[in-house]
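**Student:** Let me give you the structure first, and then I'll get to my questions.
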Amino acid sequence: PRLLCPWQKKPMMSLRAAKRSLSSSLASLLESPKKTKKPRAEEPGKGPRKSKKSQEAALVVEEQTEPQILLKLFVAVEQVLRLAASRRRHTPLEALQQDAEDSTNRSLTTERLEQILALAVGMLEVSWVGLGHSAYLAVEQRNEDGKPEPPSAEELPQRLERFKSALQKALAEKAGAIPSRPLPSRPFAPGYEPGAQGSGLPLTAAEAAKSSAAAAALKAVKALPALARSGSSESRMEALKARIRAKKGFLDREAGHEQELQKIDERVGAAEDALQAHAVLVQLLARREGAASSATETELLAALCSWSYGMQVKRPLPTEAGKAAIAKLKSMGAGVWFSVDEAVYSDTVGSYIRRLPSGSQAAVLETLESELRKLAQEKKTLLERGPHGDFAVTTQSKGTEDVAVIAKSAGAEKATTSALRPAKAKAKAKAKAKLEAIVEEQREAKAKAKAKAKAKAKGKASKR
């Protein structure tokens, strides 16, 4: 029974609970203490102790030879190529090198890849995909018949054994030297023979234009007037101003060239928008025949801008661009393909476009296409010329003349300075003599005033 303590007014512990607590305390006292491992003290001159497993792993990494690295890389290459082939895509060499390095922590260099290709005869093949600058090296697996086919999971150990035997045979025959097979050379376009200079790759039209523009810009930079390193401060300042003016002209020509390109791009965009409006109008006028073949300007604008689900285009135009395209198309096709009648009793349709009986949309289409070809040729010519194509020689001759004028003025100024030097010295001596005379006069005046004051003081003393 639980009893209450009279002075605490709380239930007392029962006899059974007291026995249990006493037995548990005795058991804890009699129990042997647990052993705790203390960290070993570091030996002087040595770092912290490493575990046996980490030491073995480090020893294995340090003791890996080049043949062992080739084996690991071959296994990684097989796995990566098999995974890529399951996704039905080519494996570029750069991607293969990165994946193999991530898998093995070893670099798949070109030298190691050539060695692996020489040992894996009939199992791996490297070929170029594409032509010219866009071509890239791709690695693929081959089966026993030499066909491009990824191996199965059962064939991977057999291929590894073949690679190991080829590696051991090469090491035994060539006294540790591993054979290598060079990678194939880049393929060229049909009918192109690489020259002796450069990389042997043909330049595209855009690259040729950039190259000529860069050459013209380099000539313009070299033609900038140089800074004067000698002469008076005025001549050096004039040389600096001439260089600043030349650099400002250089930057102004680049800005003007960029503006011309932007204007051509805007005209090309307007012509392409008008061409799209032409295609949409052909479909709208084909709904009816004869005099009933017509469409409103609002319908054409709604179709160009894809305002409704009923009329959609692949490249919807903004509203302002659509209005500009319709205005351009109306200026070209009015009287040739269709007639434009302004609406009299409606403010929403804009105008009515009716097809003429003898009108043809082919003439308007040919006009737009010829304008696009002309703009493309203008842009090509502008890119080939570059911002400094017409000014490189002029700038060079002008810069040479400026430098000659600056040098001539500097020499004349130097001669003038040498001629005026004696006159300046004479004037300086005259001013110095005048200053000395003034100082001497002031000194004499002070002496007279001092003597007069002394005589006056002496007279007062004698009177007293």
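The values are calculated or read from the model by the stated rules, or taken from the named source; none is laboratory data. As the structure is a computational prediction, the values presented were derived from the model and not from experiment. Neighbour counts are summed over all protein chains in view; Cβ atoms, including those assigned to glycine, are modelled from backbone coordinates with ideal geometry. Accessible surface areas use protein heavy atoms only, side chains included; no ligands, DNA or RNA. Shrake-Rupley method; radii C 1.70, N 1.55, O 1.52, S 1.80 Å.
**Student:** Run the quick spin-label model on Leu171 and Leu240: label points 7 Å from Cα toward the beta carbon, then report their separation in nm to one decimal.
**Tutor:** If labels sit at Leu171 and Leu240, their model points lie 7.1 nm apart.
**Student:** Residues with beta-carbon under 12 Å from that of Arg443, excluding Arg443: net charge, scoring Lys, Arg +1 and Asp, Glu -1?
**Tutor:** Numbers: positive: Lys446, Lys448, Lys450; negative: Glu436, Glu440, Glu441, Glu444.
With Lys, Arg at +1 and Asp, Glu at -1, the neighbours total -1.
**Student:** Another one. Hey, with R₀ at 35 Å, roughly what FRET efficiency would Thr319 and Lys248 work out to, going by the Cβ-Cβ distance, to 0.05?
**Tutor:** 0.30
**Student:** Taking θ = phi - 60°, what integer Hz values does the Karplus form 6.51 cos²θ - 1.76 cosθ + 1.60 yield along the stretch 279-288, in sequence order, with x for Gly and Pro?
**Tutor:** With coefficients 6.51, -1.76 and 1.60, one gets 5, 5, 5, 4, 5, 5, 6, 7, 6, 10 Hz.
**Student:** Using a Förster distance of 35 Å, how high is the FRET efficiency between Leu227 and Leu435, based on the Cβ-Cβ distance and rounded to 0.05?
**Tutor:** Details: r = 42 Å, r/R0 = 1.19.
E between Leu227 and Leu435, to the nearest 0.05, is 0.25.
**Student:** Tell me the carbon and sulfur percent of the accessible area for the stretch 247-341, rounded to whole percent, probe radius 1.4 Å. If you can, show how the numbers build up before the last one.
**Tutor:** Numbers: 2900 of 5270 Å².
Carbon and sulfur: 55 percent of the exposed surface of the stretch 247-341.
**Student:** Rounded, prolate or oblate for the stretch 206-358? Axes are the square roots of the Cα gyration tensor eigenvalues, ordered a ≥ b ≥ c, and the cut-off for rounded is a/c under 1.5.
**Tutor:** Working: a/c = 4.25, a/b = 3.56, b/c = 1.19.
Here the stretch 206-358 falls in the prolate category.
**Student:** At a 1.4 Å probe radius, carbon and sulfur cover how many percent of the accessible area of the stretch 131-172? Walk me through the numbers before you get to the answer.
**Tutor:** Details: 1340 of 2640 Å².
In the stretch 131-172, the share of accessible area belonging to carbon and sulfur is 51 percent.
**Student:** Related question: Lys and Arg at +1, Asp and Glu at -1: add these up for the other residues within a Cβ distance under 14 Å of Arg373 and post the number. It would help to have the intermediate numbers written out before the result.
**Tutor:** Numbers: positive: Arg267, Lys374, Lys379, Lys380; negative: Glu272, Glu366, Glu369, Glu371, Glu378.
After counting each charged neighbour, the total is -1.
**Student:** With N residues in the stretch 230-300, what two-decimal value do you get for its Cα radius of gyration over 2.2 N^0.38 Å? Please report the intermediate quantities before stating the final value.
**Tutor:** Working: Rg = 27.8 Å, N = 71, 2.2 N^0.38 = 11.1 Å.
Taking N as the residue count of the stretch 230-300, the ratio is 2.50.
**Student:** Quick one: which residues, 5+ away or cross-chain, put their amide H under 5 Å from the amide H of Asn143? H built at 1.01 Å from N.
**Tutor:** Here Glu149 satisfy the definition.
**Student:** Rounded, prolate or oblate: which fits the stretch 107-151 when a ≥ b ≥ c are the square roots of the eigenvalues of the alpha-carbon gyration tensor, with rounded for a/c under 1.5 and prolate only if a/b beats b/c?
**Tutor:** Numbers: a/c = 2.64, a/b = 1.21, b/c = 2.18.
Oblate.
**Student:** Now a separate question. Near Leu300, within a Cβ-to-Cβ distance under 11 Å, what is the net charge of the other residues, with Lys and Arg +1 and Asp and Glu -1? Display every interim value, and only then the final one.
**Tutor:** Values: positive: Lys323, Lys330; negative: Glu297, Glu299.
For residues surrounding Leu300, the net value is 0.
**Student:** Here is a further query. Round to the nearest 10 and report in Å² the accessible area of Tyr352, as given by a 1.4 Å probe over the protein chains' heavy atoms.
**Tutor:** Solvent-accessible area, nearest 10 Å²: 80 Å².
**Student:** Measure up Lys72/Lys164; Lys323/Lys379; Lys219/Lys248; Lys247/Lys379 against 22 Å on the Cα-Cα distance and list the ones that go over.
**Tutor:** Numbers: Lys72/Lys164 11 Å; Lys323/Lys379 26 Å; Lys219/Lys248 16 Å; Lys247/Lys379 25 Å.
The answer is Lys323/Lys379; Lys247/Lys379.
**Student:** Still on this model: Compute the accessible area per residue over the stretch 104-173, keeping the other protein chains in place, probe 1.4 Å, unit Å².
**Tutor:** Result: 55 Å² of accessible area for each residue.
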